[in-house]
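**Student:** Handing you this structure, nothing more for now.
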Amino acid sequence: MPSPEQIVAKKQFAGQKKTSMHRRSDSHDYSERRMYMITMEVEGRRPLFGRIIGNPYAPANSSDAPRIELTELGRAVQDEWMGIHTYYPQIEVRAVQMMPDHMHGILFVKSRLPVHLGQVISGFKAGCRKRQRALEGAAAKPQPTEKKGTQSAGEQDTRSAGMEGAAAKPQPTEKEGTQSAGEQGARSAGMKGAAAKPQPTEKKGTQSAGEQGAQSAEMEGAAAKPQPTEKKGTQSAGEQGARSAGMEGAAAKPQPTEKKGTQSAGEQGARSAGEQGTRSAGMEGEAASRAAASPQVAALPPPGTAQLFAKGYNDLILRSYEELQNWEHYLRDNPRRLLLKRARPDWLRPFFNLKIGATTYSGIGNRNLLRSPRRLPVRVSRRLTKEQIDAVTTQYMEAARHGAVLVSPAISPGEKQVMRTAFDAGFPTIVLMENGFTAMSKPKGEQFDACANGRLLMLSPWEHHNEKRAINAAQCTQLNLMAIEISSSD
């Protein structure tokens, strides 16, 4: 731990101090025996750990009590937290409360740590990131590149049989998968003379042996020239003869390619052999293209590169046993508080730039109290005796019972007694504070429920700071004047 002199020397070059909830205490040794409450946020406040369910007004032990339903990642992070003792036997894990986008935990360092507490937290974060990558990897395993969800067994067998040869090399330009032995024999006889030259891309899906023989004879003379890419579905022998006679004269020039848009099942089964041959030759490249463009593969993103947790962490150092009880209650109450925030966002989230008279405020609570027809500033002199303060308190409580909203910074003992009595009685109050608010500020303890019920408004004219500061006389005077201004403003 650096000495006080070293800390002062570093501060000379640190520049202006910025407000941060992740700053460590300069005067504390984070390896010594002590108890801490740790808070860590998900990077970008993403709700990765789960969701809050239940009724915020249900009893704590009821089946509808507020609670969190953890995701698989949320359970993994909770397991990592509970396993910190495995790596650091000096640490006892006292509690953990997972929330959708952050987590709270209590650690008890029972004996001196060999490292700074920050290194313990860094190791925990690294373990959580490793678990996250494992879950992402399991979700991103490659899927089959062919979708056969609605294909029949016969269709799959036919497809696999045709692809076996195409996967290794281009296939011949004739499709003979469904021809009989007689048809193949007749066909081979006619193709002997034309074997050395490109063949016509003709498809003969359901031709007889006689039809094949007639056509093969005609093809011997036409083999030296490109043949038209005609499609013949279920033609008779007469139709084939008439067609072949017309083709002899047309063989010297390219023929138009016919396109038939809506083919029946029989027509599709009889598509030209040339089309099938061209497709077979390119099957290998097509298969690779389909695999790359497969929706099952493309829809799975690669493992994320963003950090799971935001940089840094917030820590609170235990000062008393009573504070530990407050910590434990705060952790248990977190799900309920979040549901109330969602139900009453205007009353439980901070606001800024509220102009009242000549002063601009930040605050939390029910701003509708500023519209109350009667707002009463509380001023109690320090010179009053206990009996006199009690009498003044009674007068203010009578005014509150008749609808007055009490306004005060609650600085003097008498003012504190009046405001505390009104708060405990459930009367609406407006409290002026020296320390301002940030976007992450929230009411503490009993103030939270008072804000949720709409009977408390907290205001501050100054910016937030992390240090504990004693209010000075000038600030006291200013705050009391502001209470009068708030009470008299329209």
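**Student:** Return the long-range amide H neighbours of Arg34 (sequence gap of 5 or more, or a different chain), with a cut-off of under 5 Å between placed amide H atoms.
**Tutor:** Val109
**Student:** Oh, and also: Roughly what % antiparallel, to the nearest 5, for the DSSP beta bridges in the stretch 322-433? Could the numbers behind the result be given before it?
**Tutor:** Values: 4 of 10 bridges.
Bridges in the stretch 322-433 that DSSP calls antiparallel: roughly 40 percent.
**Student:** Residue-wise, which Karplus ³J(HN,Hα) couplings in Hz belong to the stretch 87-97, taking 6.51 cos²θ - 1.76 cosθ + 1.60, θ = phi - 60°, and x for glycine or proline?
**Tutor:** Once θ is set to phi - 60°, the couplings for the stretch 87-97 become 8, 10, x, 6, 10, 10, 7, 8, 6, 8, 9 Hz.
**Student:** Taking 1 over the mean of 1/r across every pair of different Cα atoms in the stretch 50-143, what Kirkwood radius in Å do you get? Each step should come with its number before you reach the end.
**Tutor:** Working: mean 1/r = 0.0656 Å⁻¹.
Its Kirkwood hydrodynamic radius stands at 15.2 Å.
**Student:** Which whole-number percent of Cα pairs in the stretch 388-490 have a distance greater than 25 Å? Kindly include the intermediate steps, with their values, before the conclusion.
**Tutor:** On the way: 1028 of 5253 pairs.
Above the 25 Å cut-off, the stretch 388-490 has 20 percent of its Cα pairs.
**Student:** Can you give the accessible area per residue of the stretch 335-466, in Å², using a 1.4 Å probe?
**Tutor:** Roughly 49 Å² per residue, with all protein chains present.
**Student:** Taking amide H atoms as placed 1.01 Å from N in the peptide plane, list the residues 5 or more away in sequence, or in a different chain, whose amide H sits under 5 Å from that of Phe427.
**Tutor:** Residues meeting the amide H criterion: none.
**Student:** Counting only protein heavy atoms and using a 1.4 Å probe, what share of the accessible area of the stretch 350-490 belongs to carbon plus sulfur, as a whole percent?
**Tutor:** On the way: 3830 of 7300 Å².
With neighbouring chains kept in place, the figure for the stretch 350-490 is 52 percent.
**Student:** Another question about this same structure. Go through the stretch 424-439 residue by residue and turn each phi into a ³J(HN,Hα) via Karplus (6.51, -1.76, 1.60, θ = phi - 60°); whole Hz please, and just put x for glycine and proline.
**Tutor:** 5, 7, x, 7, x, 9, 10, 10, 9, 10, 6, 8, x, 10, 10, 5
**Student:** Charges only on Cβ, +1 for Lys and Arg, -1 for Asp and Glu: so what's the dipole of the stretch 25-97 about the Cα centre, in debye to the nearest 20? Each step should come with its number before you reach the end.
**Tutor:** Values: 8 positive and 11 negative charges, 44 e Å.
Here the stretch 25-97 has a charge dipole of around 220 debye.
**Student:** After finding the eigenvalues of the alpha carbon gyration tensor for the stretch 317-415, what semi-axes result from the square roots of 5 times each, listed largest first in whole Å? It would help to have the intermediate numbers written out before the result.
**Tutor:** Numbers: eigenvalues 178, 110, 42 Å².
Over the Cα atoms of the stretch 317-415, the semi-axes work out to 30, 23, 14 Å.
**Student:** Express in nm, to one decimal, how much length is gained between Ala134 and Arg332 on full extension, taking 0.36 nm for each residue of separation and deducting their alpha carbon distance. Working shown, then result.
**Tutor:** Numbers: separation 198, 0.36 × 198 = 71.28 nm, distance 2.99 nm.
Computed gain between Ala134 and Arg332 is 68.3 nm.
**Student:** Hey, with R₀ at 22 Å, roughly what FRET efficiency would His85 and Lys311 work out to, going by the Cβ-Cβ distance, to 0.05?
**Tutor:** Numbers: r = 25 Å, r/R0 = 1.14.
Using R0 = 22 Å, I get an efficiency of 0.30.
**Student:** Contour minus end-to-end for Asn466 and Lys416, with contour as 0.36 nm per residue of separation and end-to-end as the Cα-Cα distance? Don't jump to the answer; show the numbers that get you there.
**Tutor:** Working: separation 50, 0.36 × 50 = 18.00 nm, distance 2.34 nm.
Once the chain is fully extended between Asn466 and Lys416, it gains 15.7 nm.
**Student:** As a test of reading the structure, rank Glu43, Glu328 by solvent-accessible area (1.4 Å probe, protein chains only), most first.
**Tutor:** Working: Glu43 75, Glu328 55 Å².
If we order Glu43, Glu328 from most to least accessible, we get Glu43, Glu328.
**Student:** Under the rule of at least 5 residues apart or a separate chain, name every residue whose amide H is placed under 5 Å from the amide H of Val380.
**Tutor:** Glu415
**Student:** Antiparallel versus total DSSP beta bridges in the stretch 364-490: what percent is that, nearest 5?
**Tutor:** Values: 2 of 12 bridges.
DSSP beta bridges in the stretch 364-490 are roughly 15 percent antiparallel.
The values are calculated or read from the model by the stated rules, or taken from the named source; none is laboratory data. Small disclaimer: the values here were computed from a predicted structure and weren't measured. Ideal geometry is used to build each Cβ from the backbone, glycine not excepted, and the neighbour counts take in all protein chains shown. Heads up: the accessible areas ignore ligands, DNA and RNA and are worked out on the full protein's heavy atoms, side chains in. Shrake-Rupley method; radii C 1.70, N 1.55, O 1.52, S 1.80 Å.
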